[in-house]
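The values are calculated or read from the model by the stated rules, or taken from the named source; none is laboratory data. The model shown is predicted, which means the values in this text are computed figures rather than measured ones. For neighbour counting, all protein chains shown are included, and Cβ atoms are generated from backbone atoms with ideal geometry for every residue, glycine included.
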Amino acid sequence: MPISQQELGRRLKEAREACRFTQEEVARELGFSRSTVAQIELGNRAVSGLELDRLAELFGRDMGSFLLREAKPQDALTAIFRAHPEVSGEREVGKALRRSVNLGRELTHLEQLLGIDRSQTDPPAYQLPPPRNRWHAIQQGEQVAERERCRLELGHAPLPDLIRLLGSLGVRLAQVDLPPDVSGITLIEPDLGVLVVVNRSHHVLRRRFSCAHEYAHVLFDRDLRGLISQERNRNELLEIRANAFAACFLMPAEGVRHFVHGLGKGRASRLRAEVFDVFGEGREPSPNPRVVRVEARSQPGSQTLQLYDVVQLAHHFRVSRLSAIYRLRNLRLIDEARLAELLEQEQQGMGRALAEALGLLEKDEPGLRDAFRQRFLALGLEALRRNLISKSKLVELAAMVDVSNRELDHLLDQLGLSEVEAEVLSPEGSTWPMPVVNGSS
């Protein structure tokens, strides 16, 4: 039995308020009058399927969720707006959040249509107490990073392609253009699964760190449903914990020490060793064995890590030079004075110049930015080929990942799919979009 028009209006109002929209803003976005929005929310005006689809997209919801007999629990987008009420005043951030949610839902729909089951690949959840302070947050992040490396049998070597690694662990990862101060978003709910979004406009190494950072939120903060990582939140304990995890996950302590030792550095300037002659001159162990003590010193300055060492370390683990510098300090392989010197040299551009001279400058390949786009579009094409979605639906999906009609037409011509047409089916088998909701209960 369908829900009443009044109940639909109530749910739409609740969704609008959760997104911190005013009726005027909704009216402006959809080309309505404010009074029309008010009448819809009061249940005095029917909502067409097209209107409901546009409202659902605006609120970052699945259209079908508004029509279910039993209302769904709090979704990830609502959780973010409630946890970060200041986001409501940031139009571009809110727009990016809704776009991310809609992409995740459409990807879930496509996977369900194509029979792709991700239910068996959910990553683990670490049930830890909230960090008490910054030191506790860092300890939690580093300890779990080491446990994850052990669980995944990664050893101490540099991580492989992080996008593919997280994908194999049940994390869908999208790269979307976000506001500059937003590095990533984590969204978790049944309609989305586990979706991590990183800022496509950031450099490839920063995106790599953001992937590891957001994976920490997946492991630690599953019950929060949604988080947004912004520059201004970097001093919050959950963000500090996630940063500590990312640094340790990407640059394991033993791996960093082994690499530095391979450079002939990182050891104490004065080395001592004691060799025990347990038996002495007799056959039986002597109660007072002879001890041979050896002491050696390295040449002054030979153990000091230089910026070109940092460049090699950063390239080895595929992290930024800044991340490598701070990791060296956290592992006490450099002191505060050396930290300041290296940071100043990096700020002056010496690190980039060295990386270029050594042929170790990380370049941002366009293909890496478009991994999600390629998968999303490929699933859409497969659904069209199987007559599971219509061409008009594919056009809509393509636009969501910035593929123009002209590009799509050319692609369909190449694949021989230009003449395919089909009725769009939802994962449950009902036609999509949903029918008009009238005043009957």
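Restricting Arg134, Arg172 to those that are charged (D, E, K, R) and more than 23 Å from Arg225 (Cβ to Cβ) reduces the list to Arg134. Out of all the residues in region 397-412, which are charged (D, E, K, R) and farther than 23 Å from Arg98 by Cβ? Answer for region 397-412, where residues must be charged (D, E, K, R) and farther than 23 Å from Arg98 by Cβ: Arg406, Glu407, Asp409.
With respect to (1) assigned to a loop (DSSP other than H, G, I, E, B); (2) surrounded by fewer than 17 Cβ atoms within 10 Å (Cβ to Cβ), the lone exception for Arg10 is condition (1). A Cβ distance below 6 Å, combined with a sequence gap of six or more or placement on separate chains, defines the contacts here; from region 342-355, residues that are without any contact (Cβ under 8 Å) to a residue 60 or more places away in the chain reach residues that are surrounded by fewer than 16 Cβ atoms within 10 Å (Cβ to Cβ) in the pairs Ala355/Leu361.
When we screen Leu173, Leu110 for residues that are within 26 Å of Leu384 (Cα to Cα) and touching a Phe, Trp or Tyr at 6+ places or on another chain (Cβ under 7 Å), the only hit is Leu173.
Scanning region 355-380 for residues that are under 12 Å from Leu110 (Cβ atoms), out of contact with any helix residue (DSSP H, G or I) (no Cβ under 7 Å at 6 or more places or on another chain) and at pLDDT 90 or above yields one hit, Ala378.
Report yes if Arg132 is among the charged types (D, E, K, R), within 19 Å of the chain's Cα centre (by Cα), in a loop (DSSP other than H, G, I, E, B) and at negative phi, otherwise no. Criteria not met by Arg132.
If we scan region 156-165, do we find a residue that is of a type outside the set (A, V, I, L, M), farther than 24 Å from Arg99 by Cα, in a loop (DSSP other than H, G, I, E, B) and in contact (Cβ under 8 Å) with a residue 12 or more places away in the chain? Yes, that holds for at least one residue. With respect to the stated conditions, Leu107 is closer than 15 Å to Glu189 by Cα, touching a helix residue (DSSP H, G or I) at 6+ places or on another chain (Cβ under 7 Å), surrounded by 20 or more Cβ atoms within 10 Å (Cβ to Cβ) and not assigned by TED's automatic domain parsing to the domain that holds Glu57.
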